[in-house]
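Okay, structure first, notes after.
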Amino acid sequence: MLTTAIIPAYNEGKTIGSVLSVLNGCHLVRQTIVVSDGSSDDTVEKALAFDGVTVVELLENRGKGGALKAGLEHAVGQVLLFLDADLIGLKREHLHALLEPVLDGSAHMTVGIFEGGRVATDLAQKMAPFLSGQRALKREILEDLSCWELSRFGVEMALHRLAEERGDPVLLVNLPDLSHVMKEEKMGLGRGLAARMKMYWEILCCAARIGQLIK
C-alpha cells in the first residue's frame, strides 16, 4: 500500500527542514505533502528546498483540521501519516513504529506518544494520548469525517472518536526521545499561553459538536 505523509505547518520554518530530512530517508513513505496554513515566515521556502515534496500553500489560516483536509486532496496513499511540523528528535524508527502496524494490518490507526523527550510534552501526551498529532491510519477511516474546518485543533479528538465509532483497532505506540517545540518557546510566554488557551478552547468546542464532524 502507498503511504502519504501530510504535515500541517504554521510558521514552522525553523523545524520543518529536519522533519522533511527524516521523511525523505524513509522507504515506507512514498509521498510527502506540506501544507503551509497561512504561514508568514519561510516555511514554504524551506519545504520547497526538498526534492519530491509537494507544498500546498494556503493564503489564510484554516486551522489544523482545514490544513489536513487540504493536504488530503493531493494525497495518493491508501495509508496516511500525520506529523507535526515542529518535532524535535524525529528518527526513521519513529516513522516505522507508526506505519508498520497499519501496513501489516494489525491496526487501522496508530497514535504516537512521546516518551523520554521532555517532561512537559511527555506528561501532556500521557494525560491525553488521543490529542497526539503523530499518527498513521487507513485512508478509508476518513470517509466518515466531515466539516474538517470546524475541528481546527480538535481534529485529533475527532479522529479518535471516529475510530471508536467505527470499531477500528487503534494502537498506541511509544516514540522514544521525541518531543516538539512548545508554543511558549515559539511565541514567548504571554503569546504562547494565549495560543495554548485558544488551542484548548478549540478542542473543547470540537468535543461539544463532535456529532457534526462524524457522518
Of the listed peptides 32-40, 70-78, what is their order by residue-averaged count of other C-beta atoms within 10 Å, with the highest listed first? 32-40, 70-78
Based on the Cα atoms of the stretch 10-66, what semi-axes does the equivalent ellipsoid have, where each is the square root of 5 times one gyration tensor eigenvalue, given in whole Å with the largest first? 20, 12, 9
Selection of GluC sites (Glu not before Pro), the stretch 1-65, meeting DSSP coil and at most 16 other Cβ within 10 Å: Glu60
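Every number here is computed from the coordinates shown, using simple stated rules; none is lab data. The structure displayed is predicted, hence computed values, not measured ones. Glycine gets a Cβ as well: all are built from the backbone with ideal geometry, and neighbour counts include every protein chain shown.
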